[in-house]
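Encoded as structure tokens, the structure appears first; notes follow it.
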Amino acid sequence: MPTTSSGGLSMPIVLRRGSAVLLGAAVAFGLLTASAATATPAATTSAATSALRGAAPADANARVDHLRAVAGDSQEVPTGTQAPVQLAVQALDGDYQPVEGATVTFSTPGPGLKFPDGTDDATVVTDAEGMAVAPELTAAGAPGPDLVTASANDHAQVGFEITITS
């Protein structure tokens with residue numbers, strides 16, 4: 001029978017049909033031994049479920065494979081006003097599941113857009129649905145196209161085009 005160990009305590013586990021994803025996650029996070037992966041799909045997953053509920057990945061950003069723009073792209077903002085829609089992204093893992101606790105950095109490399117504190121960068125932590133909403137942006141520069149990027153790591157990035165109007 002496969003086992004999981006927690007603090008030197010070994011607990012037998014048995015799997016129910018449809019629990020392959022739960023088991024795979026438990027093995028990936030080091031909560032179950034690799035021998036548990038060969039278990040037959042019958043019985044319960046209570047030990048694995050309990051272990052996973054208390055486990056938080058050490059670095060949520062490392063699990064982010066995709067950032068999806070949810071709101072705020074392709075806006076027109078008159079100079080001196082706030083963007084009507086706040087920028088929002090969703091952080092997703094390799095299986096397109098939300099990643100909670102990831103840090104997303106929104107950056108405005110051009111001189112035209114500013115966050116409330118007057119800076120070009122804002123950092124937001126994703127919620128349980130993987131969502132991160134940037135602070136409100138103000139069009140502070142000359143009319144024309146501007147870009148805001150959101151990134152969680154080197155490969156999970158997305159851009160927002162915002163046009164400043166006169």
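Every read-out reported here was derived from the displayed coordinates using simple, explicitly stated rules and does not represent laboratory data. Note that this is a predicted model, so its numbers are computed, not measured.
Things to note:
- Structural size metrics of segment 62-165, computed from C-alpha coordinates, are Rg and Dmax of 13.3, 41 Å.
- For segment 88-133, diffusion coefficient by Stokes-Einstein and Kirkwood Rh (Cα), 25 °C, 0.890 mPa s, µm²/s: 216
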